[in-house]
Every structure is written in structure tokens, then in C-alpha cells.
Amino acid sequence: MGLTVDDVDPDFIREARAVDAYGTHLSHTDVEAATLKALEIARDARMQTALDIDYRPNLWGVAGHGEGESRFVESAKVTKKLQSTLHYFDLIVGTEEEFHIAGGSTDTLAALRAVRAVSKATLVCKRGPEGAVAITGDIPASLDNSVTGPGFPIEVLNVLGAGDGFMAGLLKGWLDGEDWPTALKYANACGAFAVSRHGCPPVYPSWDELQNFFERGLNHLDLRNDVELEQAHWCFL
């Protein structure tokens, strides 16, 4: 959150395959300016751009500091700020509640339509135990009519880092040109690893481990107690 425009090196940005911004970084003037600078560099270089809405009401000043676990508080101010930037992105990702803040409505389909009105991006909506959907065109009459990927019914131990794990898997599939069901499969699996193990980034799967998981299948709902999978994790790392 201390990033400023002076910290953004155009040559460094152009070395990347994409720029992935987080909505939280639009909540503070200095880091917002730095984020927009990085996005403008990326767009000028015809790079891919993505947004994880990542709505944290306390960091936007619409919830108290003691409410860090709060994931949704309505705010017209936040909605206006987000909508002013959505045209920068080729991919926009969020939970239903995060699309509610981006679209300014607690009706998910209405919110998605409001986002679509200002952005042509592919919209990926995370639906918790129902998995996630990708919408590349008009918003359908039901999210059940959208493109989906296989989910993984696991035991939730810790939600910290789940969104980052999901985004990592999604970006891998998206940037490699996989179809959306495959990209969503990667995303759902990485998110499952994150929430069913102890820790955060250290428990995300490597590429080899992920392929091993797909080939072998889900044998334990609590992935941290799957001895074979744990051995593979530390071996592949």
C-alpha cells in the first residue's frame, strides 16, 4: 500500500506476460496512481490485464479496523471508483459479493450486467462450494448457464490465501491459452489446496504436483492429511 508511481519501472512491467491488479490497490490515492500507471504501460504494450476485485471494506474506510473479516459493505463511493477503472481489464475476477460492489447491486445478475455495461472483459464469478463460472459475452439469465470447470469438494480449514491461489491457477490457464473449463479447473484446484492445508503460499501446488493431483484424483477431503499428496508436494517443490 506504500507503492507510488515512482516505483513503477516501465521496462520491468514489459517483461511480464500480464499485469494483475487488485481492487484494494485502488483504495488509496498513491497506490491507485501506481496501479493505473502499470495498467497503462501494459495496455500500450498490448499485454493482458486482469483484476481481482478483492473487496476489503475496512481498507476502503467503509468498515472499522476491527472488521477485517467483513467481506461486503455497500458503498456507492467504492462502486463508482471501481467502475471508473474496469475498462482497463481483459479479465475481472471476484466472488458474488465482490461483483455486488463492482456492479452496485446485491442482485448478482444485475451487478454483472452493470459491470458488463462498462467492460468487455471476461468475468469470472467465484461461487464458493458451487465452483466458479466464466462469462465471455452477454450476462445469461442464470449463472448456471455459464461456462464452468470441475470443482473439488474438500474440507475447509483456512480461507487465508484462497483467492490468490485461485487467481494463480486461473492466470496459468488463461495465459497459456487453455479453454475456460480447463482454466477454471486449475483455479478451483489451487483454491482447494489453499483452504485445506496449513499455511498460505507455501501450500500452493507446483505445476507437477497439480498434474499429479489431476491424474490421481481426490482421495481425502482434508488434503493436509493425504500422506501421498503431502509427500508429492514437498518432493515437487
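Brief remarks follow.
- Exclusive hit being among the aliphatic types (A, V, I, L, M), in contact with a strand residue (DSSP E or B) (Cβ under 7 Å, 6 or more places away or on another chain) and farther than 18 Å from residue 125 by Cβ, set 218, 175: 175
- Qualifying residue in segment 94-104 (condition: buried (at least 18 other Cβ atoms within 10 Å of the Cβ), of a type in the set (A, V, I, L, M) and modelled with pLDDT of 95 or more): yes
- Single match in 86, 91, 123 (criterion: more than 25 Å from residue 159 (Cβ to Cβ), under 17 Å from the mean Cα position of the chain (by Cα) and either without any contact (Cβ under 8 Å) to a residue 60 or more places away in the chain or surrounded by 21 or more Cβ atoms within 10 Å (Cβ to Cβ) (or both)): 86
- Any hit, segment 44-61, residues being of a type in the set (A, V, I, L, M, F, W, C), surrounded by 19 or more Cβ atoms within 10 Å (Cβ to Cβ) and at pLDDT below 95: yes
- Residues (more than 20 Å from residue 167 (Cα to Cα) and β-branched (Val, Ile, Thr)) located in segment 40-51: 41
- Checked against the criterion of being in contact with an Asp or Glu (Cβ under 8 Å, 6 or more places away or on another chain) and farther than 19 Å from residue 230 by Cα, the candidates 177, 131, 151 yield just one match: 151.
- Looking only at segment 204-237, and only at residues there that are under 19 Å from the mean Cα position of the chain (by Cα) and in a loop (DSSP other than H, G, I, E, B), the one that is surrounded by the fewest Cβ atoms within 10 Å (Cβ to Cβ): 206
- Taking segment 1-39 as the range and being surrounded by fewer than 17 Cβ atoms within 10 Å (Cβ to Cβ), farther than 23 Å from residue 163 by Cβ and charged (D, E, K, R) as the test, the residues that pass are 6, 7, 9, 11, 14, 15, 30.
- Counting only residues that are closer than 18 Å to residue 121 by Cα, assigned to a loop (DSSP other than H, G, I, E, B) and of a type outside the set (Lys, Arg), segment 7-46 holds 1 of them.
- Criterion (at pLDDT below 95 and not hydrophobic (A, V, I, L, M, F, W, C)) met by exactly one of 80, 126: 126
- Residue 158 satisfies every condition listed in (1) touching a Leu at 6+ places or on another chain (Cβ under 8 Å); (2) more than 22 Å from residue 215 (Cβ to Cβ); (3) surrounded by fewer than 19 Cβ atoms within 10 Å (Cβ to Cβ) except (1).
- Any hit, segment 185-203, residues being among the aromatic types (Phe, Trp, Tyr), in the same structural domain as residue 221 (by TED's automatic domain parsing), more than 14 Å from residue 92 (Cβ to Cβ) and assigned to a helix (DSSP H, G or I): yes
- Hey, residue 131 under 27 Å from residue 27 (Cβ atoms) and of a type outside the set (A, V, I, L, M, F, W, C) or not: no
- Qualifying residue in segment 170-178 (condition: over 19 Å from residue 130 (Cα atoms), outside the structural domain of residue 21 (by TED's automatic domain parsing) and in contact with a Lys or Arg (Cβ under 6 Å, 6 or more places away or on another chain)): yes
The values are calculated or read from the model by the stated rules, or taken from the named source; none is laboratory data. Please read all numbers here as calculations on a predicted model, not as lab measurements. Cβ coordinates were reconstructed from backbone atoms using ideal geometry, including for glycine residues, and neighbour counts include every protein chain displayed.
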